[in-house]
Amino acid sequence: MIDAYFIHLLVLIGIYLILAISLQLSLGYSGLLNLGHIAFFGIGAYAYAILALGGLSSIFCLLIAGALAAFFGYLLSIPINKLKGDYLALMSLGFSFVVYAVLLNWDQLTRGPLGLPGIPRPLIFGFDFSSNASFLALVSIIALASYFFLHRLVKSLFGRALEATRDDELATRSLGKNTFRLKSISLIISAFFAGIAGSLFASYITFIDPSSFTFVNLIPILLIVIIGGIASLPGTFLATVFIVLLPELFRFVGLPSEILGPVRQIFYALTLILIIYFKPRGFYGKIDLE
Amino acid sequence: MTSIFLQLLINGVIAGAIYALVASGFSLIYSTNKFVHFAHGGVIALSAYFLFWLFSSLGLNFVVAILLTVLFSALLGYLLNKFFYKPFRAKKASDSILLVSSIALLILLESVALLLFGADVKTIDLIKTSKGIEIAGAIITPLQLVIVFISVVLFFGLYLLMKKTKIGKAMRAVADNKDVAEIIGISSEKIYSWSFVIGSAIAGIAAILISLEQNITPTMGTNLMIKGFTGAIIGGVGSVPGAILGSFLLGLVENFGIWFLPSGYKDAIAFILLFAFLLFRPQGILGIKYNQK
Amino acid sequence: MLKIENLIKHFGGVKAVNACSFEIEKGKITALIGPNGSGKTTIFNLISGIIKPDQGKIFFNGKDITNFSVDKISNFGISRVFQQSRLFKNLTVKENLLLAIDNEDTKLWKNIFGLNKITKEKKEKVNEILKEFGILEIENKTASNLSFGQKRLVELARTVLNPHKLLMLDEPVAGVNPKIRQDIAKLLIKLKNKGETILLIEHDMIFTLGLADDIIVLDTGKVIAVGKPNEIKNNRLVLESYLGN
């Protein structure tokens, strides 16, 4: 019993880790306050679900879902490129509203508020990942690969160029670098991994509906990125573990399940406010959130 | 055919009035404080629940209940400014930080409402289903007439406040140029406080009317805030008249829009308009620029 | 090398730059001087592509660069130091300089596959310039932790390291202590002797008159005098424009 619960938490950590490091790339390293990031998670989830329910092989579903999310990342980067600060944040927030509205209303494709049930677990090279333990192995591999890829990216001079864009875009352009392109690429990659995370989410829970993809759901992810520290991948990892595990304590305190939801929300929202106020650098970040 | 048109027009005006009630309070706060107070939606939600608690749970007299509700919302706004935003401002928080923390605050307030009152839909049973009044084939209920009437009165009152009273002029001065206003002796901190009190009181009135006309849900704040914010952006978020104008336009476009689209897309219309305006005309129709400090 | 023709730029109702024309010669240090508000930084912004002129043209080595973007102009050979510090404050001095060397860092896949390493040559280039500027010891310090004078030196180093044909410096010694001012003056002369072309804005007259080969004087957006330091020193119009303000 405990084992199954533990495995479940680890799977969630794996999925949220991928989502969080993808946000860390665009927000922490590139300085884009993308409050619409959850939309990419949702696009990936729905794309995977629809394709998988349509019988397409799992690997293709995963890659196409990621690619579709990446494409939307590209689309978002077009208007966002010339914007800064809270204006950019509002634009991206508006973007996530539009995506949510489409997911909710395009009945023929998404079944709207009824959601998509019965999403199959991945079947890769004949190996069926329907047991949670095996799914955990899959998530771990993908999470590791994602982390490794992003680690290489941010440690390279490309990563430095992104950070330079974050710190002073004009100076970066004055050195001859096309920052619009840099920001676009950052959003595209960030969206891709969010889409992958969404696919894993969809095939793990096997049922998705639009309510998992509202901007409210971004709060814990935003919290992870900030608490872990801006521009720190290891910090993001630790923060993911912390943020996924801590609210589970509420379960053990014996709170009735109806109020578990709001209590968790309060925990996330309150912690976010407190961390922004007291320690905007987070625990492992090198810089403050601005 | 004209009766459908008229009905849509009426529905649009009613929706617009509700959005305008939300947007005007929000825009008052925005134009004075220069940041997006998303938690305004939370003030509306909590005020609605407060009314429910007073009237339906405690059984207070309705008039007493609504008066207390407006006081509550004004007080809540005052407290939020004093204990939440002021400390952030003192830390020289950027607009982005204020926006993110305001969104977190909205979620916090709504979660508290959810915790205290549960997720089920609440209604205020003051007016039993009343018969609508028929005008040329279209129907409008007395309550809806009251809503439109009160909102018009309120907006007129706001206009008088902003143009004729000392406080109103001081708020406009701070909105225009805080530094100059301070030089001529206006305390910007006091004005911020007042903008929150008045703006939140308007939110309280909005909460009352919306609770009567529709119902009370824990996420009503978020939904209304998005609509109100969209209306404000469409009209010109930096000006209260602009926010009101934009909100009525939004209400009309939404309702005429579903003549062509399935009704579920009503919200989508608002979001798309928001996105489009932010993209192409962030200063709104009236051209009051979305301020970047 | 650089030629601007009849540049006009309005801000609101004000003509910040009013039919301004001048030419910069290769291999010389040219100073752009004038009282506050005369349009010097606006002209710099026009040249480096941050703002576009209402009228007029800018030519660099014969090419019309008037409507080029900021990064394109930089890649065409104009490197600039800004008036306010624009270091990448969360990166180290070394990283700030590495970014200036080339733009291979904008190629995603090259970098992911490790084909854009921080090679020995790059490290040497960085070391060399840090040595020349006398700031080798701060190589690994985060830019935000530097003193003001150190910041200015790093910015200058970064700009020099950025491949360029023309250096534009906006008030390189404003606010620095006398020792650093001297160091920078020496560095600029060294650069000129290597054949570099420098265009600078400065308010410090002693610094400027001692350093510049040519001087262009602006007042309210117009060129009111051009010449050698001696001529400018005694130019009646110039004295009036400064004293009159």
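A short reminder: the numbers here are calculations on the coordinates, not readings from a lab. Because the structure is predicted, anything quoted here is derived from the model rather than measured. Reconstructed Cβ throughout: ideal geometry from the backbone, glycine too, with neighbour counts over all protein chains shown.
From least to most packed, judged by other beta carbons within 10 angstrom and beginning with the fewest, A:Phe40, C:Phe113, B:Phe277 follow the order C:Phe113, B:Phe277, A:Phe40. Whole Å is fine, so just give me how far the alpha carbon centre of the range A:149-185 lies from that of the range C:195-235. Going from one Cα centre to the other spans 36 Å.
Centre-to-centre, using Cα atoms only, the range B:236-282 and the range C:98-116 are separated by 45 Å.
Ordered by the number of other Cβ atoms lying within 10 Å of each residue's own Cβ, fewest first, A:Phe95, B:Phe229 fall into the sequence A:Phe95, B:Phe229.
For B:Gln283, the amide hydrogen comes within under 5 Å of the amide hydrogens of B:Tyr290, counting only partners 5 or more places away or on other chains and with H modelled in the peptide plane.
Taking amide H atoms as placed 1.01 Å from N in the peptide plane, the amide H of C:Val223 lies under 5 Å from those of C:Ser21, each 5 or more residues away in sequence or on another chain.
Under 20 Å from a label point set 7 Å out along the Cα-to-Cβ vector of B:Arg89, the amide N atoms of the range B:240-280 belong to B:240.
Listing B:Val100, C:Val160 from fewest to most neighbouring C-beta atoms within 10 Å gives C:Val160, B:Val100.
Our helix-only sum for chain A, with -39,500 (n - 2.57) per DSSP H run of n ≥ 4 divided by its residues, gives a mean residue ellipticity at 222 nm of -23500 deg cm²/dmol. A convex hull fitted around the alpha carbon atoms of the range C:53-118 yields 140 Å³ per residue. For the range A:127-226, the extents of the C-alpha atoms along the principal axes are 53, 29, 22 Å, listed from largest to smallest. For the range B:62-107, the set of trypsin sites (Lys or Arg not before Pro) satisfying both a DSSP loop assignment and a count of at most 10 other C-beta atoms within 10 Å is given as B:Lys92. Over 23 Å apart at the Cα level, from the set B:Lys86/B:Lys163; C:Lys52/C:Lys125; C:Lys186/C:Lys228; C:Lys192/C:Lys228; A:Lys177/C:Lys122; C:Lys40/C:Lys165, are B:Lys86/B:Lys163; C:Lys52/C:Lys125. Only beta bridges with both residues in the protein assembly as shown are counted; by DSSP, about 65 percent of them are antiparallel. Out of the GluC sites (Glu not before Pro) in the range C:1-79, which ones are loop residues according to DSSP with at most 13 other C-beta atoms within 10 Å? Answer in residue order: C:Glu25.
P(r) tail for the protein assembly as shown: Cα pairs beyond 36 Å make up 54% of the total. Couplings for the range B:18-33, taken from phi via the Karplus curve 6.51 cos²θ - 1.76 cosθ + 1.60 with θ = phi - 60°, read 5, 4, 5, 4, 5, 5, 5, x, 4, 5, 4, 5, 5, 5, 7, 8 Hz in order; Gly and Pro are left as x. The alpha carbon radius of gyration of chain A, expressed as a multiple of 2.2 N^0.38 Å, is 0.97. Across chain B, C-alpha contacts under 8 Å between residues 6 or more apart give a mean separation that, scaled by the residue count, equals a relative contact order of 37 percent. Each semi-axis of the equivalent ellipsoid for the range C:2-244 is √(5λ) with λ an eigenvalue of the Cα gyration tensor; in descending order they amount to 32, 22, 15 Å. Distance between the modelled labels on A:Leu255 and B:Ala119, one decimal in nanometres: 1.4 nm (7 Å Cα→Cβ projection). With coordinates expressed along the principal axes, the C-alpha atoms belonging to the range B:2-280 extend over 58, 46, 34 Å, beginning with the largest. The trypsin sites (Lys or Arg not before Pro) of the range B:159-226 include none that meets both criteria, a DSSP state outside H, G, I, E and B (loop) and at most 14 other C-beta atoms within 10 angstrom of the site's C-beta.
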